[in-house]
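Enquirer: Below are the structure tokens for one structure; questions will follow.
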Amino acid sequence: MADVYIALGANLGDREANLRSALRAISGSERVVAVSSLFETEAVTLDGSEGPPYYNAACRIETELEPLPLLRFLQSVERQIGRPAEARRWAPRLIDLDLLLYGSDIVETDDLTVPHPLMAERPFVLVPLAEIAAGLVHPVLNRTIADLAEEAGDAGVRRITGERWDGLTGDGPG
């Protein structure tokens, strides 16, 4: 059984409902152990253009799936919610699920890199993640998530709701 951390984001449609749908779909086959509060952040784009703001959260799951099958499962959840299979990178989206950490494993394939290569630079990932995994050590950087979050800062990250916004019974934080 592996402890896995996933970032969730949505900036189109009913953002909160999209995130709840993703969590319900994940919890249908994997054990959701913790879910962060819900945060709103400005969209990050490659070209500097503006997009609708994101709702972001992080969750911890326990899974028996290996990393690549887990990635495929998360991609299928995204498609169920309406994300096109070949969505343009950094484009606005109904849902975005990123596999951040898979235990202390380091995975490098053509399809997947874990730990997520950009997570240490992203307050919109680190702030929610630090809420549920502050003492967790990044397996490549050998620093805690709390330290990485403090260094990245929280500029542009605003808490929308506290714990239990996710609509799951039982396994949220708190």
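Enquirer: Quick check for you: which residues of segment 149-167 have the amide N under 16 Å from the point 7 Å beyond the Cα of GLU121 toward its beta carbon?
Expert: Under cut-off, by backbone N: 149, 151-153.
Enquirer: Another question about this same structure. Could you calculate the FRET efficiency of ARG72 with GLU150 from 1/(1 + (r/R0)^6), where r is the beta carbon distance between them and R0 is 35 Å, rounded to 0.05? It would help to have the intermediate numbers written out before the result.
Expert: On the way: r = 34 Å, r/R0 = 0.97.
Working from the Cβ atoms, E equals 0.55.
Enquirer: Take the alpha-carbon centre of segment 1-76, take the same for segment 93-142, and report the distance between them in whole Å.
Expert: So the separation of the two Cα centres works out to 12 Å.
Every number in this text was worked out from the coordinates using simple rules, so none of it is lab data. It should be emphasised that the depicted structure is a prediction, and the values quoted were computed from it without experimental measurement. FYI the Cβ positions are ideal-geometry reconstructions off the backbone, even for glycines, and counts take in every protein chain you see.
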